[in-house]
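K.L.:
Starting off with a structure, shown below.
Every number in this text was worked out from the coordinates using simple rules, so none of it is lab data. None of the values given here were measured: they were computed from a predicted structure. Note: ideal-geometry Cβ built from the backbone for every residue, glycine included; neighbour counts use all protein chains shown.
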Amino acid sequence: MRRTRLARAALATALLSGPAAGLIAVPAGAASAAALAGNPTTGVTQEVNAWKASNAPSFNQQVAAYVKRLEGIPYRYGGTTPAGFDCSGLTQYVYRHFHKNIARTAYAQFRQFKRISKAHARPGDLVFFHDSSDPGSYVYHVGVYEGGQSMVDAPHTGTTVSWQSFAWAGNTVTFGTISH
C-alpha cells in the first residue's frame with residue numbers, strides 16, 4: 001500500500017514538473033505499482049527529455065538572441081570583450097559564448113565558415129562585407145545576421161554595437177555558417 005502511494009506520488013510529481021502532452025497514462029493497481037517501484041520515472045523522464053530537446057532553441061536562434069543583449073557596448077578597435085568590441089571581436093565573443101571557437105578577424109572568419117546564399121542564411125549566421133562585388137574579394141567587416149536585411153554589428157569608432165540594415169552594401173555581402 002505504501003509503495004503504491006509512493007509510486008503514484010513520484011509519477012504525479014514528474015507529470016506536474018513537465019508538460020503532459022505525449023505522456024502515457026499509467027493505470028492504478030498493484031501491477032502498475034510494482035512496475036513503477038523499480039524506477040518510477042524512467043518513462044516519464046524520457047518523454048520529458050524528448051519534449052525539451054524538440055523545443056530547445058537552435059544554436060542559430062541562441063546566437064541571434066544573445067548578440068542583441070550586447071547592443072549599446074562601445075566600438076573599440078581590436079576589442080574582444082564587453083568593455084568594447086570591433087566587428088570580428090563581437091562575432092568571436094558571441095560564438096565562443098556557445099562553445100564555438102572561431103577565427104579572430106573578419107577575413108579569417110569568412111574563410112572558416114561555409115559560404116551559403118542569402119536564401120539559406122538563418123538568423124545567427126554571419127554576414128561578410130567584401131571590398132567589391134567579387135565574393136572571393138577581401139572581407140573587411142562582419143556582423144551577425146538577424147534576418148531580412150538586418151544584422152547586429154560593431155560598426156566603427158564612435159558607435160556602439162547595434163541592430164542595423166546592411167542594404168546599403170548591395171551585392172558586396174555574402175553569408176556564412178558553421179551550423180547547417
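K.L.:
If Lys and Arg each add +1 and Asp and Glu each add -1, what is the summed charge of the other residues whose beta carbon sits under 15 Å from the beta carbon of Tyr140?
P.N.:
Working: positive: Arg104, Arg111; negative: Asp86, Asp131, Asp134, Asp153.
So the surrounding residues net to -2.
K.L.:
Separate question: Classify region 61-180 from the C-alpha gyration tensor, please: rounded if a/c falls under 1.5, else prolate or oblate depending on whether a/b exceeds b/c. Intermediate values should be presented prior to the final figure.
P.N.:
On the way: a/c = 1.39, a/b = 1.24, b/c = 1.12.
Judged from the Cα gyration tensor, region 61-180 comes out rounded (a/c under 1.5).
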